[in-house]
Amino acid sequence: MTAVVTGAASGLGRAIALKLAESGAPVVVADVREMPREGGLPTHLLIRQRGGQADFCSTDVSDEQQVAHLIDSTCARFGPLDIMCNNAGISEVLTTVVDTDMADFDRIVGVNFRGVFLGCKYAARSMIDQGRGGVIVNTASCFGLVGYPTMATYCATKGAVIQLTRTLALELAPWHIRVNALCPGTITTEMDRDQREDPGALEDMRIRTPLTMEDGGPFGLPEDQAAAVAFLASSAARWMTGQCLVIDGGWTAI
Ligand SMILES: NC(=O)c1ccc[n+]([C@@H]2O[C@H](COP(=O)([O-])OP(=O)(O)OC[C@H]3O[C@@H](n4cnc5c(N)ncnc54)[C@H](O)[C@@H]3O)[C@@H](O)[C@H]2O)c1
């Protein structure tokens, strides 16, 4: 079982890569940076230190040639691709629609939607050619299901990822390639650091999140999401395709 995880240098992707490696899969960590945003050993080195197999492949997911190279080099190094996690994403800019700078818009759409689309396209081609099925998991967000003021571009890209997931699941079912989306709520990564450190934003998160974590806060952990990806990638989810798995502390239940 060979896996590729994009955006796996840091945060959620790092947790997913570590979890898949635990189950014995060789993992290719694809990211624009090698060092974790939160600090520590690069993900592929941590996997190796724990006895697993992993490589790093410098990849900008919005660049078609780089994504094609990622899939080709993974298959050359570890054999047929079984699991593709299109996880890389950005949310840098908080702004209303009327004030949106279109350069920011293009950058967010480029990573969050074009990047996931390209990952799906080249992973699917490879899985079809190999003829042994496969699993694709796209990281969307609960913000793909509900709106949130000042995050319209981000929300729209995540909604697009969900629709891509549903459509691709229909196209790939004849090849036994399952395609599902993960919809996390707020989780403790560098992406959410500003919200954790802003008292107003933190209070808003508390109001919107029914569950609390052990520390009393409204943020889930990357490990909870990684466990869900391991489930989606396993035979326990063999009858599941075209779906969103929402793990959000109850955010979208309100
Ligand atoms: N943190 C949250 O609360 C939250 C909630 C819902 C969904 N998500 C989604 O989870 C995914 C991971 O986010 P995270 O919280 O781990 O963020 P993060 O910033 O900790 O990690 C994102 C990783 O993606 C990489 N990346 C950025 N642009 C890239 C590109 N063009 N090509 C390849 N890699 C790139 C970064 O270098 C980084 O290592 C994203 O898709 C995000 O939208 C996060």
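Every number in this text was worked out from the coordinates using simple rules, so none of it is lab data. Quick caveat: nothing in here was measured; it's all calculated off a predicted structure. Neighbour counts are summed over all protein chains in view; Cβ atoms, including those assigned to glycine, are modelled from backbone coordinates with ideal geometry.
Some points to look at:
- Helical runs assigned H by DSSP (4 residues or longer) give the chain a calculated mean residue ellipticity at 222 nm of -13000 deg cm²/dmol, each run adding -39500 (n - 2.57) before division by the residue total.
- Between 0 and 90°, nearest 10: helix 115-130 axis offset from the chain longest Cα axis: 20 degrees
- The chymotrypsin sites (Phe, Trp or Tyr not before Pro) of segment 166-254 that DSSP puts in a loop, and whose beta carbon has at most 15 other beta carbons within 10 Å, are Trp239.
- Cα-based helix-to-principal-axis angle, 152-172 vs the chain, degrees rounded to 10: 30 degrees
- Under a Gaussian network description of the chain, with springs only between Cα atoms under 10 Å, the residue in Ala21, Ala76, Ala30 that fluctuates furthest is Ala76.
- Computed extension length for Gln66-Glu197: 43.6 nm, one decimal, from 0.36 nm per residue of separation with the Cα-Cα distance subtracted.
- Among Val27, Val116, Val146, the largest mean-square fluctuation in a Gaussian network model of the chain (Cα springs under 10 Å) belongs to Val146.
- The label-point distance for Arg48 and Asp99, in a model that sets each label 7 Å from Cα toward Cβ, rounds to 4.6 nm.
- Compared with the dominant Cα axis of the chain, that is its longest principal axis, helix 222-233 is turned about 40°.
- Loop-located GluC sites (Glu not before Pro) across segment 152-254 with a Cβ neighbour count of 14 or fewer within 10 Å are Glu214, with loop assigned by DSSP.
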